[in-house]
Structure formats: C-alpha cells, structure tokens
1. Can residue 171 be described as outside the structural domain of residue 36 (by TED's automatic domain parsing) and surrounded by 13 or more Cβ atoms within 10 Å (Cβ to Cβ)?
2. Taking into account only those residues within segment 35-60 that are buried (at least 19 other Cβ atoms within 10 Å of the Cβ) and part of a loop (DSSP other than H, G, I, E, B), which is modelled with the lowest pLDDT?
3. Which of the residues belonging to segment 116-175 are touching a His at 6+ places or on another chain (Cβ under 9 Å), assigned to a helix (DSSP H, G or I) and farther than 15 Å from residue 70 by Cα?
4. What number of residues within segment 86-112 satisfy the criterion of being of a type in the set (S, T, N, Q) and out of contact with any Lys or Arg (no Cβ under 9 Å at 6 or more places or on another chain)?
5. Could you grab me the full set of residues in segment 92-105 that are farther than 27 Å from residue 42 by Cα and either touching a helix residue (DSSP H, G or I) at 6+ places or on another chain (Cβ under 8 Å) or at pLDDT below 90 (or both)?
6. Before we move on, is residue 275 out of contact with any Ser or Thr (no Cβ under 9 Å at 6 or more places or on another chain), in a helix (DSSP H, G or I) and not assigned by TED's automatic domain parsing to the domain that holds residue 40?
7. Hey, does segment 234-241 have a residue that's touching a residue at least 60 places away in the same chain (Cβ under 8 Å) and over 28 Å from residue 30 (Cβ atoms)?
8. Being in a strand (DSSP E or B), in contact with a helix residue (DSSP H, G or I) (Cβ under 7 Å, 6 or more places away or on another chain) and of a type in the set (Val, Ile, Thr), is that true of even one residue in segment 70-91?
Amino acid sequence: MKPSKSKEHRFDFNGMSGVVRKGVQFHMSAESWEYGRHHALPLWTEYVVYPAILPRGYCFSQENTTMTSFELVLEGSMTILLDETRLTVHPKEICLIPAGKSKHLEVREDCRKVVFGICGQLHLPLLAMTGLYSKILHRLNDPEQILAILRELHRLLKEKSEASTARIAGLTMELVTEIGKEAGRAPVPLLADAFRVLEFHLAEPFRLSALAEELHVTTDYLNRLFRKEVGIPPKHYLIEQRMHLALSLLNSTRLTVQEISLKCGYKTQFAFSREFRKRFGMSPSECRKESKDKKKI
C-alpha cells in the first residue's frame, strides 16, 4: 500500500457527533441504519464497517460519541487514545469505546479491522452483565463466530428491510454474548439485582443509599462495583437509562415533554431538558422534530 496525498474525510453515522478523519486513502465498506434508534428499539446494531483497511499514517478523531462502539483488529495494529488513556490494539483484540468518550486513533502499520456500534436501552446492562464493561481492551480466543455475525449484520443493514429488524436486534444480543464468551469475561450476579432495582425506579427520585440498603451492601462498594464493571458510577448509569427511556418516549409516543420528564424521574421539565441537551446536544423538542423529519425521508 502506497500512501497518497493526505485527505480529510467526514463520515457521520448518527447525525449527533462530528467525525473528522485525516490521512491517506483507505478502503472502507460501511453500512448503517438508524431504524433502531428512531423507533426506540431496546437493542440495535446501528452500523458495521466490514472491513476497514487502513494504511500506515491514517488518523481518525471523534468527539462525544453517542453510542458504544467496538474496534476489532484483524491484521496490523493501531494506537487508540480514549480521553487520557492510550493503548495499542493488536490482532484478535477488541477495544470497547463507551458512549460519551472522545477517541483518536493512529495506524502504526497497515491495518485491517472491523468496526461496529450498538445502542438501545438494554445495551448497557447487557455489556455489564457479560463482563465486557470492566475493561476497555479484550483479547479474543477465536473471533470467527463474531465475524460471521458481523457479516450477517452488515448484509442486513445494507438491505434495510423492516422485516429483518427483529433479526438485527437478536443478532446484536448474540454478538455481545459471543464477545463476552470469547473474551472469557464473567458476569457479576449482584449487577443484575442492581439493574432491576434501578429500572423499577426510573420514574421516581432515587438515592444510592436506598439501592445499597436494598442490596445489603455499602454505597462505597456499589460505587466501586459500577466503576469497575460498567465504567461509570450508579448515578450516571441511572441518568443514562433515563435518557434512553426519554429518547424512546419522544420517538414512539405523543406524550408532552413535561409528561416525559416526569416518567423519567425529573421533578421539573427544565432539569430534564438540561440533562437531555447535555447528553444529546439538542433539546427534547428538537430531537423529536429531527426524528420525525428523518422518518419522512
């Protein structure tokens, strides 16, 4: 592969985060479909890049990602900077990039990889329950079954048939489960109970001390557990779930923003709208309008 004149490429899968790519020419077979996001499906693979073949010197930057993404290296290697964490990804290693992170990658040698992103209200609990959120980088024993699932998802996203939406959601579940199995991760049973309690209290104010008391552990232990296994404290996890619920209600119901704010555990519409804008970069009303406009296309 001979590097050619440096170019700037722009590629935006979700319309909510800016992506800037600088480097030499590259090959990329990308398919994406926002159906799951716009119809508020609980679990969805929104895009698959299969494969991405990148030459040495290629760079990529993305700020404030709005979904969880994965980088699976098949050949070569690359360096990824996630906020302040720098790591190198080698063949058969997969890097999990949580939503909200800023990432920058540099290809040190010619690299072939697969990239995909998942979203939905169930994706965080699923990642935590499979033990994947406890580490950024995972070594896979044999990625062939994972690659087979990704090839099928790539095909289905290209077809964009509503008849295949349940299949895509099911394959997303299978994909994450298979990654957890290949990475040798073990779930933590207490997390399942914590998720259940938090989900039950999405529509009302809830204190960490109440969660700890119900689970018969200390608040310090809960904080440590969530930071280790989910990457964020329980309070932030609860906010994430409330925002996913809000997105679902905005896209699939005619409830007012005030009614949605109450269903998501906020006492005032102002507090809810402020949190929503912080998470998605737009107001709830703007988000609903954008979703309606995209459904008309």
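1. On the way: outside the structural domain of residue 36 (by TED's automatic domain parsing): no; surrounded by 13 or more Cβ atoms within 10 Å (Cβ to Cβ): yes.
No, not satisfied.
2. Per the stated criteria, the residue is 40.
3. Result: 165, single match.
4. In the first step, residues of segment 86-112 are kept if they are of a type in the set (S, T, N, Q); the result is 88, 102.
From the residues that got through so far, the ones that are out of contact with any Lys or Arg (no Cβ under 9 Å at 6 or more places or on another chain) too are 102.
Residues meeting the conditions: 1.
5. Selection gives 104, 105.
6. It is true that residue 275 is out of contact with any Ser or Thr (no Cβ under 9 Å at 6 or more places or on another chain), in a helix (DSSP H, G or I) and not assigned by TED's automatic domain parsing to the domain that holds residue 40.
7. yes
8. First, the residues of segment 70-91 that are in a strand (DSSP E or B): 70-82, 85-89.
If we keep only those that are in contact with a helix residue (DSSP H, G or I) (Cβ under 7 Å, 6 or more places away or on another chain) too, we end up with none.
Checked segment 70-91: no residue is in a strand (DSSP E or B), in contact with a helix residue (DSSP H, G or I) (Cβ under 7 Å, 6 or more places away or on another chain) and of a type in the set (Val, Ile, Thr).
The values are calculated or read from the model by the stated rules, or taken from the named source; none is laboratory data. Owing to the predicted nature of the structure, the values given are computational and were not obtained by experimental measurement. So basically every Cβ, Gly included, is an ideal-geometry build from the backbone, and we count neighbours across all protein chains shown.
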